[in-house]
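Okay, structure first, notes after.
None of the figures in this text is laboratory data; all of them are computed from the coordinates on show. What you are looking at is a predicted structure, and each value in this text was computed from that prediction instead of being measured. Cβ coordinates were reconstructed from backbone atoms using ideal geometry, including for glycine residues, and neighbour counts include every protein chain displayed.
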Amino acid sequence: MCYLTTVKHSMFYWSFGIVLALLALTAPAALLLGFLGAMAKRSQVAVVRWIGSIYTSMVRGIPDIIFFMFVPIALGQGIEYVRHKIKCPDVTEPIRQGNDFVVCAAAKFPLGSADQWVHQTYGFALATVAFAFVFGAFVANTIDGAMRAVPANQLETGHAYGMTRRQVFWRILVPQMWSYALPGLSNLWQILIKATPLLFLLGVQDVVYWARELGGSKTSRYEYPHGDWRLWYFMVLLVFYLLMTWGSEKVFRRLSTRFARGQATQAGQQHLEAKA
Amino acid sequence: MSCLQTLSEYGLRSLGHGPRLLPRGDITLCDQIVLIGSGMIWNIYFAVLALTLGFFLATALALAKNSKNRLLRAPATGFIFVFRGSPLFIQFFLAYEAFVLLPRAGIEIDLLFVQITAETRWLTRAAAGALIVLFLNTSAYSAEIFYGALRSVPRGDLEAADAYGMSGFSRFRKIVWPTMMRLAWPSYTNEAIFLFHATTLVFFSGFPAWQQKGDALYYARYFADQTFNPFIPYPIAGAYFILFTLILIMIFGKINNHLNRHLAREQRIKMKLSTRFYRRNAVPSLR
């Protein structure tokens, strides 16, 4: 029993915190990006509309995993490229030399001399951006659909009362849209939970990493006092994720009855009848 | 080296034909396009087989979940819950570790007179092991979709079937099943797309790419690591996936038209890409 309380294991338990942190950071960022994406799709400017359409439809054609791998590297190289241009303007050699990506030492980010934790945090931050980017696109799809589902005559009524486009958007469309968006958003939240183990692919020391490390009978440095326990560690992860999705489904069911209040939908009607 | 030569050498590299060493050093655009395309063979292999096999298990599971018999309903509901509630990534790892733990020599089964040795080694290979996981996974997701459609088969249809004296299997085959398929089809198309995309996970989740025989994303990542330039291989892989996703949508659209052919034009279920994501009954089945 004492074995499960070693320092290594405390890192395994901490890594569950990493999963939760990722969820806590990604969800609001993706909501914001998704909202912007959906707004862009309704824009009056054609170019903005195209950007919105490309952003929302690309996740349907390209696997999310490709984005998870592409975005962090591309972003990291982008940051170093910009820093190179600013910090070492007198270096004339090209940055891409054959199969190398060469920036001057001062432009490295994080700096080569930085602590281990800085590198890890940076890796985690890049991963968060990648997640927010992909899930933002999914959220944009959902919110766009929800905005279309709001009865058009409600918006027309707003216009008839002399409201501006902006007022109709913020006072009529947005408040009503949430109830239509909620089922889709709840699905996306579940999907986001289930996507968190992909952090492992991005080199973050997450639950999958530690389950592999601790479960194996030996690593490069230590030999654990047990055989191959990886199966059991992954079993624990499976149960953890099942509990997460099951729990959040319950929460969302509650939320959706809450949001149905005062809506001209079947659920809203049931709400009224229950009260009467 | 001309591009045609590259194609003939590396075109089937993902299946093990061609040079043992992958191109390194001077990597041309042609190398990348050919090898990543060669990797797509695996993605298509996994998607086609898992979807075809999964379709039947999914139908059975949906019926079982809708059954009045608890002995059928409970296992089906549990199976769907476990596979839909947990990440596919973890399922791959779990399955791989489980397959590895099976005895190496195989399991000996005594059947009174004959002794059968069940080989288990092949299960640790991606081609079989990962296929089993994908098959079970898509069955669970599709079963949930079919179950939802089954529940919304119009009562009038069933009453009409009763009035004609249909019952049991003929009622199911002639009345329930076609309508269930028709209602489920747009969501099922979604599921097929996302299963196809999920095949990219296989070679990053425990299952080793033996002799560097991998899928499209495996090669894309290889090139990104070698050239340190993610801006070429990943877009190539993305383009391949867009192409095959469009083909998949086309095929499923044809089937959808076939399923709706008896209806008046305005009653038909149309498949539209953009708005399909939001549907109260549609379950986006990304894993």
Projecting the Cα atoms of B:THR138, B:SER152, B:LEU35 onto the charge dipole of chain B, where Lys and Arg contribute +1 and Asp and Glu -1 at Cβ, the residue farthest towards the positive end is B:SER152
What ranking of A:GLU156, B:GLU266 emerges when the number of other C-beta atoms within 10 Å of each C-beta is taken as an exposure proxy, fewest first? B:GLU266, A:GLU156
Most fluctuating of A:ILE191, A:ILE86, A:ILE18 in the GNM of chain A (C-alpha, under 10 Å) is A:ILE86
Summing -39500 (n - 2.57) over every DSSP H run of at least 4 residues in chain A and dividing by its residue count gives a helix-only mean residue ellipticity at 222 nm, to the nearest 500 deg cm²/dmol, of -23500 deg cm²/dmol
Candidate lysines for bridging to B:LYS270, where Cα separation is under 29 Å - those fewer than 8 sequence places away on the same chain excluded: A:LYS41, B:LYS65, B:LYS174, B:LYS254
Sequence neighbours fewer than 8 away in the same chain don't count; with that in mind, list the aspartates and glutamates whose C-alpha is under 13 Å from A:LYS85. A:GLU93
Select from B:SER14, B:SER38, B:SER86 the residue whose mean-square fluctuation is largest in a Gaussian network model of chain B (Cα-Cα springs shorter than 10 Å). B:SER86
Simple spin-label estimate for A:ARG171/A:VAL102, 7 Å along Cα→Cβ, in nm, reads 6.3 nm
When a footprinting reagent is the concern and you count Cβ atoms within 10 Å, what order do A:LEU202, A:LEU188 take, fewest first? A:LEU202, A:LEU188
Size of the dipole of the range A:49-112 about the Cα centre, Lys and Arg at +1 and Asp and Glu at -1 on the beta carbon, nothing else charged, in debye to 20? 220 debye
Can you give the net charge of the other residues whose Cβ lies under 9 Å from the Cβ of B:PHE93, counting K and R as +1 and D and E as -1? +1
Given charges at beta-carbon only (K, R positive; D, E negative), |dipole| of chain A in Debye: 820 debye
Long-range amide H contacts for A:ALA260: which residues qualify at under 5 Å (H placed 1.01 Å from N, peptide plane, sequence gap of 5 or more or a different chain)? none
Filter chain B for me: DSSP H helices, axial length by Cα at least 27 angstrom, mean Kyte-Doolittle hydropathy not below 0.5. List them by residue number. B:29-65, B:126-151, B:233-259
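In what order do B:HIS262, A:HIS9, A:HIS84 fall by count of nearby beta-carbon atoms within 10 Å, going from fewest to most?
B:HIS262, A:HIS9, A:HIS84
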Sorting B:ALA163, B:PRO178, A:GLY52 by the position of each Cα along the dipole of the protein assembly as shown (Lys, Arg +1; Asp, Glu -1; all at Cβ), the one nearest the positive end of that ordering is B:ALA163
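Considering Cα pairs under 8 angstrom that are at least six residues apart, work out the relative contact order of the range A:2-275 and quote it in whole percent. Could the numbers behind the result be given before it?
Numbers: 259 pairs, mean separation 60.5, N = 274.
Rounded, it is 22 percent for the range A:2-275.
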What's the FRET efficiency of A:TYR81 with A:VAL47 using the Cβ-Cβ distance as r and R₀ = 25 Å, to the nearest 0.05? 0.50
Cα-centre dipole for the protein assembly as shown with unit charges at Cβ (Lys and Arg positive, Asp and Glu negative), debye to 20: 1980 debye
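At 222 nm, what helix-only mean residue ellipticity would chain B give, in deg cm²/dmol to the nearest 500, using -39500 (n - 2.57) for each DSSP H run of four or more?
When only DSSP H runs of four or more count, the value is -20500 deg cm²/dmol.
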Quote to one decimal, in nm, the extra length available between A:MET163 and A:GLU273 on full extension: 0.36 nm per residue of separation minus the C-alpha distance between them. 36.4 nm
